[in-house]
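The structure appears below as structure tokens.
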Amino acid sequence: MNASGRETQGALERLLDWGRLGPLRLRARGVADGVYAGGHRSSRRGAGVEFGGHREYVPGDDLRWLDRRAIMRHGRLLVRQFETETDRTLRLVLDASASMAFRSKAAPGAKLAFAAVLAAALARVALAGGDPVAVDWIGGERCHPLPALGGREAFERVVAALESVIPGGDVSLDDASVDRAFASVARRARRGSIIVLLSDLIDLPEGTLDRFAALSSMGRTLVVVRVLDPLEATFSLEGAVRLRASEGDVVVETDASAVRDGYLAALDAVAVRWQEKLSAVGGMLVRAATSDDPVHVLNEILLGVRGNGP
Amino acid sequence: MSFLVAGALAVALLVIAPVLAHLLRRSRADEREFPPAKLVPVAEPVARQRSRLEDRALLLVRALTVLGLAVLGATPFVRCSRLAIARQAGGSVALALVVDDSLSMRAKTTSGPTRFELAKSGARDLLDTTREGDAVALVLAGAPARLALSATTDLGAVRHALAELAPSDRSTDIEGAVQLARTALKQLPHTDRRVVLLSDFAGNPVPAGEPPAWAPLAALRAPVDDCGVVSAETRGRRASATIACSSARAARGRSLELVASAGSEPGPADAGTSSTRTKAGDLVASVKLEPHAGEQTVVSEIDVASVALDARLSGKDAIAHDDEAPVSAAGSGLLLGVLTDPATSSATTGGSSVLEQALGALEEEVTLRPMSVLPDDDKDLAPLAALILDDPTGLTPETRAALSTWVERGGVAAAWLGPRAESVQLGSTLEPFVTGPLRWEHTRAKGLDPASIGWLGAPGTSLSNLEPRGRARLEGALPSGARVTARWDDGQPFLAEMAFGRGLLITTGLPVSVDQSDVALRPGFLALLDELIDRAARRVGPRRTLAGVPWTFAGASKLSVEGPDGALRVSDSDPGATSAQKTVLPAVLGRYRVSVDGAPEVRVVTIDPKEITTPPREPESQPDRVVVGGVANKTDVSREVALGLLALFLLELVLRTLRRVKPRRGRRRSDRTTVPG
């Protein structure tokens with residue numbers, strides 16, 4: 001076997017453990033169909049049903065929108081404007097670092113698989129509403145960022161990108177990986193975009209929270225979905241254990257029964273920190289475990305998005 | 001090694017199975033991936049730690065059990081190297097165990113125990129392989145060689161006798177021990193007879209003979225570095241000591257120290273002198289040793305003449321026991337009183353009397369005390385072992401009383417009666433040597449009857465021609481109970497002896513003077529004096545002897561001897577007889593306090609320097625094992641291994657029981673590392 005062959009073999013061994021969450025396309029459709037695909041108001045004005053005011057006629061405007069009564073009353077050519085429901089770009093940022101590949105025996109799939117289902121479902125809901133969807137990655141291999149896409153093919157492109165990713169990489173010490181993803185979002189996300197970060201929030205480098213919160217400018221909506229494995233969420237280990245982190249070289253030998261409460265408190269402290277920061281910038285944190293019902297989690301996300309929308 | 005043995009030993013490889021299982025279990029349960037590990041606090045895994053400790057104990061027990069099973073499966077093919085008896089055609093064996101209990105066997109070996117302990121251990125190993133029908137004799141090779149236990153089939157008695165053996169400071173008499181062992185086996189009906197020597201052979205060579213002797217323990221013959229105090233004595237304010245060293249290295253950097261002995265008390269004459277301030281253990285003098293092998297004598301001036309001293313060597317060596325010895329006063333040998341008239345008994349060339357010169361020529365360890373008159377007090381005679389009177393002029397009543405009392409307490413008095421016996425002074429007699437008046441007569445006898453003096457050996461024949469000018473007529477004058485031991489060639493008594501209390505009276509019918517006869521010029525005269533000294537030595541006992549030399553006390557009714565190791569056992573030759581002879585056998589060097597019928601005395605036991613200077617050696621002709629009778633250094637250890645296995649099983653049961661009974665503090669049902677499925 002040559003070098004490329006060995007690389008392919010290694011990549012196959014590290015393929016995402018979809019478990020019971022696959023196939024992604026069908027699963028995402030099922031999840032998306034389970035939620036209400038309501039529209040959201042757009043700040044863009046144009047053709048619509050609700051009156052939005054007048055403006056001076058400029059050559060090239062549709063003559064259908066000339067307001068004859070206003071011409072007669074004011075002696076000028078005025079065009080009627082209407083508010084219309086238009087697209088808000090959904091930018092999905094997925095954490096594909098090594099820790100997201102973790103799946104315990106009790107979990108239906110890896111954390112990244114669960115996040116991918118949510119992302120695909122969100123994409124489907126967004127595309128159904130006419131909103132474009134973009135995808136960015138933190139860490140991972142074979143991850144292909146997608147620009148804002150709309151239309152019929154967009155969902156297939158998003159699903160293909162989600163299916164091709166291989167989790168990996170240690171982002172705990174790799175600030176560049178996070179910077180790349182967030183810089184891309186900051187550069188391309190338009191006003192009113194919805195930015196959804198799907199991550200376990202475990203091994204992200206220091207300062208990630210601040211940098212992500214900084215994306216809330218320009219009326220962007222920030223949503224963070226923390227995806228944990230059931231084992232991580234409950235720490236249901238017992239007795240003497242030796243735990244090795246997926247990223248970094250942390251190895252802890254401890255008595256699980258004795259430190260359970262301490263661990264859960266530390267885990268909750270991380271979530272509280274993110275929650276407080278996001279609340280300050282109008283965002284929200286959705287806590288999820290891979291054993292949760294994706295429909296329920298998606299509903300929470302959508303409620304958050306609507307509640308924070310303009 | 002047969003296939004079966006190899007197969008059984010291969011089972012031992014399974015000892016790694018529990019280890020592997022343990023390691024595998026540990027690896028599965030211990031480390032697992034957990035992404036938020038950095039959020040998990042570190043805590044002492046109490047339950048796991050306890051489990052590991054218990055598991056290790058059980059793991060060890062099980063590993064040992066597997067090994068034991070492997071060895072048990074391989075036995076009796078796998079054998080240990082302790083001594084054992086291999087039998088020829090399964091017949092019974094007659095075995096003589098010669099255990100050397102001499103001083104040199106006290107040396108420590110490189111492995112830790114002394115040579116004597118190794119020898120006893122070897123003897124025990126051999127005894128463990130004996131069985132019903134075997135006969136075992138136990139012989140000790142410390143001089144004189146002794147039969148500790150005659151050949152017996154009571155193996156329990158042999159074990160008991162062996163356990164009772166203790167090392168001594170005797171010389172080595174391996175030659176006599178081997179002869180004794182062969183004699184002990186001679187009368188036994190066994191055809192398979194063996195003599196096993198457990199000695200360092202620091203003595204005479206092993207005599208050839210049947211059955212040949214076998215010396216199995218080579219570890220006993222490893223040379224050691226040792227120095228020992230052979231003897232030490234004070235003469236006035238000068239102390240001298242003889243030191244023996246096995247090598248120059250043993251003597252290098254060491255010195256002889258003279259210290260005040262425990263319990264030493266200064267005499268009245270020393271009141272107010274420096275000695276009164278000397279306490280037990282105080283260093284009196286110190287002399288550096290010359291670094292060479294062999295014997296050396298060191299001399300030191302001391303200023304505490306009348307204090308009992310001990311001589312000890314600084315530093316350490318293989319035998320610590322011989323590094324200290326008591327210091328005896330000079331002349332601790334026999335003290336002989338000699339009463340002569342210089343006018344009649346001195347040689348014409350001048351100097352000492354003929355009698356004194358003859359005694360000096362014997363080179364015995366005796367000290368002469370010339371006397372001009374006999375003391376009237378028996379206390380003055382007490383230090384004497386023997387008293388020789390040459391042509392005495394008679395004994396006054398006071399003198400006779402003192403002499404009689406002294407003889408009754410063990411003294412030996414010899415009177416060479418001459419012409420002055422006929423003219424004793426008024427009130428004086430020659431009692432208790434003779435009763436009544438004694439007549440000096442002219443005689444035609446030429447000398448002694450050789451037949452009557454045959455007990456003296458070859459020198460006695462020289463007394464057959466004495467050319468006497470006269471003789472004391474003893475016939476009719478000897479007291480009742482006297483026994484004539486030599487006669488003139490005409491039948492008249494020449495020499496008579498009589499037991500008197502614990503002592504002995506010897507009467508001779510000739511004076512020593514060369515003017516009266518040629519007796520003093522004959523070799524037989526020296527032989528007579530030698531016999532006299534020997535009698536005195538046996539009765540009184542020398543003040544300084546080698547370890548292992550018996551002390552005899554003839555006629556003593558009450559005897560006690562206190563040695564370094566406590567009171568010694570007194571053997572009575574004939575308890576019912578009035579002239580019973582008591583014997584004590586001191587085998588350890590040191591100072592002994594003897595009490596004979598209430599009269600105290602101090603004796604010193606020393607060591608033979610050859611025990612130190614003679615290096616151990618291999619026997620000249622090491623008999624082949626087959627010739628000896630197939631004694632092999634192998635034995636079956638099945639029983640011991642089986643017992644060990646049983647003990648291991650019991651230990652595992654105990655461990656498991658303890659694990660269940662132990663309070664379950666900190667141990668929960670969920671101590672197992674599991675993830676809920």
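The values are calculated or read from the model by the stated rules, or taken from the named source; none is laboratory data. Computed from a predicted structure; not experimentally measured. A quick note on method: Cβ atoms are made from the backbone with ideal geometry, for glycine too, and the neighbour counts reach across all protein chains shown.
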> Going by the conditions given, is B:ALA84 in contact with a strand residue (DSSP E or B) (Cβ under 6 Å, 6 or more places away or on another chain), buried (at least 19 other Cβ atoms within 10 Å of the Cβ), under 16 Å from B:VAL196 (Cβ atoms) and at pLDDT below 75?
Replying inline: yes
> Tell me, which residue of the range A:194-212 that is modelled with pLDDT under 90 and within 8 Å of another protein chain (Cβ to nearest Cβ) is farthest from A:GLU276 (Cα to Cα)?
Replying inline: A:ASP203
> (1) away from chain B (no Cβ under 14 Å); (2) under 28 Å from A:GLY282 (Cα atoms): which one isn't true of A:GLU153, the others all being true?
Replying inline: (2)
> Going through the range B:379-400 one residue at a time, which ones are over 23 Å from B:GLY509 (Cα atoms), surrounded by fewer than 19 Cβ atoms within 10 Å (Cβ to Cβ) and in contact with a helix residue (DSSP H, G or I) (Cβ under 9 Å, 6 or more places away or on another chain)?
Replying inline: B:LYS379, B:ASP380, B:ALA382
> Is at least one residue of the range B:203-215 in contact (Cβ under 8 Å) with a residue 40 or more places away in the chain and closer than 20 Å to B:SER246 by Cα?
Replying inline: yes
> Restricting attention to the range B:227-257, and to residues there that are out of contact with any helix residue (DSSP H, G or I) (no Cβ under 9 Å at 6 or more places or on another chain) and among the polar types (S, T, N, Q), which single residue is farthest from B:GLN296 (Cα to Cα)?
Replying inline: B:THR234
> So which residues in the range A:99-117 are surrounded by 24 or more Cβ atoms within 10 Å (Cβ to Cβ) and not in a loop (DSSP other than H, G, I, E, B)?
Replying inline: A:SER99, A:MET100, A:LYS111, A:LEU112, A:ALA113, A:PHE114, A:ALA115, A:ALA116, A:VAL117
> Taking the range B:158-180, which residues are assigned to a helix (DSSP H, G or I) and farther than 17 Å from B:GLY122 by Cα?
Replying inline: B:ILE174, B:GLU175, B:GLY176, B:ALA177, B:VAL178, B:GLN179, B:LEU180
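The rows are residues; the columns are (1) touching a Ser or Thr at 6+ places or on another chain (Cβ under 6 Å); (2) within 14 Å of chain A (Cβ to nearest Cβ); (3) part of a helix (DSSP H, G or I); (4) at pLDDT 85 or above.
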{"residue": "B:GLU601", "(1), (2), (3), (4)": "no, no, no, no"}
{"residue": "B:ARG660", "(1), (2), (3), (4)": "no, no, yes, no"}
{"residue": "B:ARG664", "(1), (2), (3), (4)": "no, yes, no, no"}
{"residue": "B:ARG667", "(1), (2), (3), (4)": "no, yes, no, no"}
>> Against the conditions (1) closer than 21 Å to B:ASP341 by Cβ; (2) surrounded by 15 or more Cβ atoms within 10 Å (Cβ to Cβ); (3) not aliphatic (A, V, I, L, M), where does B:SER452 fall short? Just the number, please.
In response: (1)
>> Given (1) at pLDDT 90 or above; (2) more than 24 Å from the chain's Cα centre (by Cα); (3) not small (Gly, Ala, Ser), identify the lone condition not met by A:VAL272.
In response: (2)
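Could you check the range A:213-310 for strands (runs of 3 or more DSSP E) lying wholly inside it with 1 or more residues that are of a type in the set (Ser, Thr, Tyr) and at the interface with chain B (Cβ under 9 Å from one of its Cβ atoms)? Give the derivation first.
On the way: elements: A:221-228, A:240-244, A:251-255, A:284-289.
Strands (runs of 3 or more DSSP E) meeting the threshold: A:251-255.
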> Can we say A:LEU90 is farther than 28 Å from A:VAL223 by Cβ and modelled with pLDDT of 80 or more?
Replying inline: no
>> Just to be sure I understand, how many residues within the range A:132-169 are surrounded by fewer than 23 Cβ atoms within 10 Å (Cβ to Cβ) and within 18 Å of A:ARG191 (Cα to Cα)?
In response: 6
>> Out of A:LEU215, A:LEU198, I need the residue that is over 27 Å from B:ALA37 (Cβ atoms), under 16 Å from the mean Cα position of the chain (by Cα) and buried (at least 21 other Cβ atoms within 10 Å of the Cβ). Which one?
In response: A:LEU215
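Look at B:LEU188 and say whether it is closer than 22 Å to B:THR152 by Cα, touching a residue at least 24 places away in the same chain (Cβ under 8 Å) and within 19 Å of the chain's Cα centre (by Cα). Outline the logic, then answer.
Working: closer than 22 Å to B:THR152 by Cα: yes; touching a residue at least 24 places away in the same chain (Cβ under 8 Å): yes; within 19 Å of the chain's Cα centre (by Cα): no.
Judged against the criteria, B:LEU188 is not a match.
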>> Any residue that is at pLDDT 55 or above, at the interface with chain A (Cβ under 8 Å from one of its Cβ atoms) and surrounded by 19 or more Cβ atoms within 10 Å (Cβ to Cβ) - is there at least one of those in the range B:27-35?
In response: yes
> Residues that are under 24 Å from B:PHE525 (Cβ atoms) and either touching a Phe, Trp or Tyr at 6+ places or on another chain (Cβ under 6 Å) or modelled with pLDDT of 90 or more (or both): which strands (runs of 3 or more DSSP E) entirely in the range B:377-456 hold 2 or more of them?
Replying inline: B:386-390, B:412-416
> surrounded by fewer than 17 Cβ atoms within 10 Å (Cβ to Cβ) and either assigned to a loop (DSSP other than H, G, I, E, B) or in contact with a Ser or Thr (Cβ under 8 Å, 6 or more places away or on another chain) (or both), is that true of B:ARG487?
Replying inline: no
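Inspect all residues belonging to the range A:121-139 and state whether any of them is without any contact (Cβ under 8 Å) to a residue 24 or more places away in the chain and more than 16 Å from A:PHE212 (Cα to Cα).
Residues of the range A:121-139 that are without any contact (Cβ under 8 Å) to a residue 24 or more places away in the chain, as a first pass: none.
So far as the range A:121-139 goes, no, none of its residues is without any contact (Cβ under 8 Å) to a residue 24 or more places away in the chain and more than 16 Å from A:PHE212 (Cα to Cα).
Could you tell me which residue of the range B:492-541 is farthest from B:VAL434 (Cα to Cα), considering only residues that are assigned to a helix (DSSP H, G or I) and touching a Ser or Thr at 6+ places or on another chain (Cβ under 6 Å)?
Across the range B:492-541, the extreme among qualifying residues is B:PRO523.
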